[in-house]
Structures are given as structure tokens and as C-alpha cells.
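Trainee: One structure follows; several queries about it will come next.
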Amino acid sequence: MRLQEIQEHYDAAFRRGCVPFLACEECSKFFFYPSTRCRKCGSARLDKRLSAGEGKVFAITRFRAKDSGEVSYGIVQMEEGFRLYCNFEEFGSKLEVDSGVKVRAIGETFQLLARPRAL
Amino acid sequence: MISGFSGKIAKKYEGSAFELMADVAMDALNMAGLGLRDVDGLSTTFLPGVFDGKTHLHFQASQVAQYLGIRPKYLDLLDFGGASALAMIPRAINAVASGLAENVLCILGGKGSEVRSKGVTVDGYDRVDKGVQLTPFDRYYRGGFDFNPVTDYALAAQRHAKVFGTRDEQRAMIAVSQRKNSVTNPYALYPEELTVERVLSSPVIAEPLHLLEAVYPVDGFHAFVVSKRNRTLNDLRVEAYGEAHWPEMPCELDDLVVTPALESSRRAGFDPRRADCLQLYDSFTITVLLQIEDVGLAKKGQGGKFVESTDTTRRGELPINTGGGSLNTGQPAYMSGGVLLEEAVRQLNGLAGDHQLSAVKSVFLNGIGGWGRNHSVTLVLGV
């Protein structure tokens with residue numbers, strides 16, 4: 001599979017607000033950050049997939065940014081088994097490690113945002 | 001081995017990085033009794049923005065050689081961030097031992113103030129220059145722009161607290177101990193003593209990390225001369241060495257609470273308790289705590305208890321960062337390796353002044369570097 005094909009899959013997924021990922025058909029490794037080779041076994045037999053978007057907070061930090069106020073940022077463990085960095089929309093509910101979240105992509109820069117699953 | 005060294009640090013140096021670099025290089029060569037014409041090897045490093053705000057220097061090692069008027073037989077450019085300094089020394093020794101060069105000038109640093117003034121760190125330089133790409137997949141990753149060393153180590157500290165119950169007070173004790181070590185260091189920025197309460201009452205920069213748990217980026221250079229003949233300093237030897245480079249994004253690791261120091265120190269195979277003191281990379285308090293575990297001073301998860309029960313000040317049973325580390329000198333050009341190495345060389349030569357330990361025969365150093373804690377170098381120097 002060519003990198004361009006993977007990029008087209010990712011772009012199309014993000015435009016729909018979805019989270020794409022790759023699955024290695026040789027070793028069953030799932031990963032988010034794109035490559036034309038499985039980073040575990042080196043295989044080029046990769047399947048382009050879409051995540052259900054459900055996951056749990058793996059780590060979270062909060063800080064105050066000059067331009068955007070309070071920012072929540074961290075890592076989500078997706079139900080499919082891979083992890084990704086994203087921002088959190090907390091809506092007043094203080095997320096913690098293991099809190100359930102739904103991840104979606106927004107905007108032209110494909111910013112990944114996770115919000116509490118119940119919302 | 002190391003025949004001369006020098007280091008200069010300033011909160012803001014009013015001049016060009018090239019100028020400061022040349023001054024530091026000359027001081028190191030003067031100590032070695034050498035001139036620029038004697039230098040036939042050069043090793044250096046680079047990060048975006050630290051040379052007078054330039055994002056990139058084309059053939060940077062050549063530009064350094066050109067500015068200094070050196071025509072080297074051996075030329076190296078290391079790209080391990082804060083771990084580069086420690087990796088330069090054994091490479092330079094090998095170059096000298098194999099006859100590639102007689103005198104290798106290792107030089108590292110730059111101006112952190114140039115980057116700081118833009119409101120970013122070197123790892124956020126893509127915010128001010130769109131030509132900078134931090135990963136092969138930035139297009140799908142940099143939407144949020146919030147990954148930087150502060151948030152990365154904050155997440156590591158949070159995981160450490162969650163998984164092992166490590167408390168903020170335990171991390172703060174590292175800052176307090178290092179401040180005790182720095183009080184007599186003339187190169188330290190902060191003269192006043194520190195308490196756990198004061199660390200924890202400083203502003204939170206990213207939960208759970210506080211301002212006084214983080215280095216302050218400053219301007220500065222360090223230079224070390226590795227020579228075939230050494231007229232001035234004690235003849236040091238590399239007692240153990242190991243490096244490890246983990247290319248994964250931290251979120252792809254099994255957990256955030258390990259660093260490649262686990263592997264580099266294992267490769268070095270030297271019990272750190274045998275050393276007279278340790279210099280551990282100290283970009284943040286959590287960086288030191290993670291290395292305490294990864295180099296084998298404490299079991300994984302026990303680093304907090306270790307710092308509670310062990311006196312790591314220079315008068316204690318296991319001195320760590322005997323000059324106060326870069327938490328107290330500032331971090332030149334976003335890389336602390338030169339600070340660690342200078343302190344080790346001073347201790348091994350009896351040149352540490354009022355913070356000199358007695359009878360230092362070996363120093364255990366560990367450097368961490370890279371955009372996502374990717375590189376670790378373990379170096380044990382002995383005399």
C-alpha cells in the first residue's frame with residue numbers, strides 16, 4: 001500500500017470526524033500513526049480501518065495557555081487497542097484516568113478532541 | 001582523555017551564539033594548553049532556534065568549523081538533544097584512539113532566550129516556522145499542538161502517581177535536595193534555599209508539575225577537549241557506557257513511566273551505587289525520579305519512597321546532581337547534558353570548589369534527550 005493511499009484514507013476519515021487506524025494483517029498489531037510498514041513486524045500487508053471512536057483516558061494534564069485559556073490534553077486508550085494524543089473537552093465534568101470518552105476529529109487541522117462518553 | 005573544558009551560562013547573552021561559542025571553545029583549549037590550530041576533530045549538536053533564532057543551519061558542523069577556523073579530520077554532528085553531550089565523549093575518545101584525530105573539540109549549547117522570546121520551546125518550533133516537521137506524521141498529529149516536553153513529562157508524572165501512588169511532595173523533594181547542592185555553586189541562578197511547600201506553592205505549569213520542578217531555558221555553551229596528550233587534568237577513563245534510542249511516541253510505549261535509561265544503563269552494566277556521585281538528567285523533577293528507577297537505584301514505582309528515605313544531597317549517602325543540576329543553573333539551549341558533564345569533570349578533578357566531594361573516583365552520568373524522551377546515554381567516568 002502506498003503512503004498516499006493511507007493519507008487519503010486518513011483525510012477522508014478526519015473530514016467525517018472519525019478516527020482512522022491501521023491493522024497489520026500479519027501480526028494483528030493496530031496502530032494510529034501512519035506508516036506503509038507495520039512498526040512491529042515490518043509487513044506491508046496493512047488494512048485501513050475506522051475506529052468506533054470509543055476509548056478511555058490513559059493520561060491527562062491540564063494547563064493554562066496564554067491564547068486559549070485552560071487546556072486539557074493527554075492520551076486516550078482506544079477500545080481497538082491503540083493509543084493517541086488528543087485534547088479533552090470536559091464540559092465541567094472532571095475527567096480522570098479510565099474515564100470513558102468519545103474521540104472525534106474537528107477542523108481543517110484534524111484536531112482530535114475527546115469528550116466524556118455520557119455527553 | 002578530557003584535557004580541557006569550559007562552560008558559560010547566562011539568562012540572556014547579549015550577543016551572537018557564535019560569539020559565545022567561540023569564547024567557550026577558546027577557554028577549554030586554553031585549559032588544555034592548545035590552540036585552534038591543534039584541533040583536528042570537532043563534534044557538535046543543534047536544535048532549532050538556538051543559534052540566533054535560526055531554524056536551521058545548513059551543514060551546521062561545517063559552519064561551526066568555519067567560524068572557528070578549524071579544518072577537522074574528524075567531524076561529527078550528534079542529534080540526541082540533551083543526551084548528545086555524554087555521547088560525544090566516547091566517540092571522541094574512539095576517534096583519538098583510532099588515530100582519526102589528536103584533539104577533538106566537543107561543543108554544545110546555544111541561546112535558549114531566542115526561542116523563549118517566541119513563546120515556544122525547541123520542540124514547539126513548528127508554531128513559529130511551518131517548515132519544521134517534528135514527526136513523519138505531523139499532518140495527522142499536530143492538530144492540537146499541545147505535545148511538548150512540559151506536557152509529556154506532566155503526563156509521565158501523572159501516570160507515575162496513578163500507577164504507583166507517587167506524591168507531589170516526593171517529586172518536590174528532588175528539587176529541594178538539588179537546591180541544597182547548588183547553594184555553594186557559583187554558577188547557580190537561585191541563591192535561596194527551597195522547601196517542599198515552596199515548590200508545591202509555585203504555579204502549576206501542567207498538572208501535576210509545578211514551576212519549581214522545571215528547568216529554565218537559558219543561554220550557554222559547554223566545550224570539552226578530548227586529546228591524545230593531556231597535560232593539565234586528571235586522566236579520566238570511561239568505566240562503562242551504554243546508549244539506547246527508542247523511536248516510539250511515548251503513548252505507544254507500554255506505559256509512560258519508563259525511559260530508555262532502563263536499557264542504556266543495563267547496557268552499561270555498572271551498579272550506580274558503586275559511584276561516588278551521580279549526575280542524572282534533570283529537565284524536570286520527574287525526569288530524575290524516572291531515572292532513579294531506570295538506572296537501578298530503586299525498583300520501578302519505588303522512586304518516590306527512595307527520595308524520601310535517601311539523602312541525595314552532596315553530604316548524603318548517595319549524592320545526586322552535586323552542583324544542583326540544571327534545575328539550578330538553567331538549561332542551556334534546551335539541553336542539560338553539558339551541565340551534567342561539566343560537574344562530573346569538575347568533581348573528578350577536584351575543581352568543584354565549595355561543593356567538591358572528597359575522593360571522587362567515579363561518577364555515574366545519565367542523559368535523556370529527544371523530542372519524546374527518545375534517547376538515553378549512560379556514561380561512567382573514572383579516574
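Trainee: Report, ordered by the first and then the second residue, all pairs with beta carbons closer than 6 Å, sequence separation of six or more or different chains, a first member in segment B:157-170 that is within 13 Å of another protein chain (Cβ to nearest Cβ), and a second member that is assigned to a helix (DSSP H, G or I) and modelled with pLDDT of 95 or more.
Mentor: Close Cβ pairs (under 6 Å, with a partner that is assigned to a helix (DSSP H, G or I) and modelled with pLDDT of 95 or more) amount to B:A157/B:I286.
Trainee: Okay, next question. Which one is farthest from the other protein chains (Cβ to nearest Cβ) among residues in segment B:127-151 that are closer than 20 Å to A:R64 by Cα, surrounded by fewer than 22 Cβ atoms within 10 Å (Cβ to Cβ) and charged (D, E, K, R)?
Mentor: B:R127
Trainee: Right, another one. Of all residues in segment B:22-42 being in a helix (DSSP H, G or I) and either among the charged types (D, E, K, R) or in contact with a Pro (Cβ under 9 Å, 6 or more places away or on another chain) (or both), which is surrounded by the fewest Cβ atoms within 10 Å (Cβ to Cβ)?
Mentor: So, considering only residues that are in a helix (DSSP H, G or I) and either among the charged types (D, E, K, R) or in contact with a Pro (Cβ under 9 Å, 6 or more places away or on another chain) (or both), the one surrounded by the fewest Cβ atoms within 10 Å (Cβ to Cβ) is B:R37.
Trainee: Next question, about the same structure. Looking only at segment A:36-64, count every residue that is away from chain B (no Cβ under 13 Å), under 24 Å from A:S99 (Cα atoms) and of a type in the set (A, V, I, L, M) and tell me the total.
Mentor: Within segment A:36-64, residues that are away from chain B (no Cβ under 13 Å), under 24 Å from A:S99 (Cα atoms) and of a type in the set (A, V, I, L, M) number 2.
Trainee: Being surrounded by fewer than 22 Cβ atoms within 10 Å (Cβ to Cβ) and at pLDDT 95 or above narrows it down to one residue among B:P72, B:P90; which is it?
Mentor: B:P90
Trainee: Out of all the residues in segment B:218-251, which are under 30 Å from B:S117 (Cβ atoms) and modelled with pLDDT of 95 or more?
Mentor: Once the filter is applied, which keeps residues that are under 30 Å from B:S117 (Cβ atoms) and modelled with pLDDT of 95 or more, segment B:218-251 yields B:V218, B:D219, B:G220, B:F221, B:H222, B:A223, B:F224.
Trainee: Please enumerate the residues belonging to segment A:65-114 that are buried (at least 17 other Cβ atoms within 10 Å of the Cβ), more than 13 Å from chain B (Cβ to nearest Cβ) and in contact with a Ser or Thr (Cβ under 9 Å, 6 or more places away or on another chain).
Mentor: Of everything in segment A:65-114, just one residue is buried (at least 17 other Cβ atoms within 10 Å of the Cβ), more than 13 Å from chain B (Cβ to nearest Cβ) and in contact with a Ser or Thr (Cβ under 9 Å, 6 or more places away or on another chain), namely A:E80.
Trainee: Which pairs do you get when a residue that is on the phi < 0 side of the Ramachandran plot, found in segment B:251-263, comes within reach of a residue that is of a type in the set (K, R) and buried (at least 19 other Cβ atoms within 10 Å of the Cβ), reach meaning Cβ atoms under 8 angstrom, with the pair 6+ apart or on two chains?
Mentor: Note: pairs meeting the criteria are B:C251/A:R83; B:E252/A:R83; B:D255/B:R159; B:L256/B:R159; B:V257/B:R159; B:T259/B:R373; B:P260/B:R373.
Trainee: Name every residue in segment A:54-77 that is of a type in the set (F, W, Y) and closer than 13 Å to B:I205 by Cβ, in order of residue number.
Mentor: A:F63, A:Y73, listed by residue number.
Trainee: Here is a follow-up. Out of the residues in segment B:119-176 that are modelled with pLDDT of 95 or more, of a type in the set (V, I, T) and closer than 22 Å to A:F58 by Cα, state the one that is nearest to the chain's Cα centre (by Cα).
Mentor: Of segment B:119-176, the ones modelled with pLDDT of 95 or more are B:153-176.
Subsequent filtering for residues that are of a type in the set (V, I, T) retains B:163, B:166, B:174, B:176.
Those left that are additionally closer than 22 Å to A:F58 by Cα: B:163, B:166.
Values: B:V163: 27, B:T166: 24 Å.
This residue is B:T166.
Trainee: So, one more: Out of segment B:177-205, which residues are surrounded by fewer than 24 Cβ atoms within 10 Å (Cβ to Cβ) and either in contact with a Lys or Arg (Cβ under 7 Å, 6 or more places away or on another chain) or modelled with pLDDT under 95 (or both)?
Mentor: Result: B:V183, B:T184, B:N185, B:P186, B:Y187, B:A188, B:L189, B:Y190, B:P191, B:E192, B:E193, B:L194.
The values are calculated or read from the model by the stated rules, or taken from the named source; none is laboratory data. Bear in mind that the values here come from a model prediction, so they are computed numbers and not experimental data. FYI the Cβ positions are ideal-geometry reconstructions off the backbone, even for glycines, and counts take in every protein chain you see.
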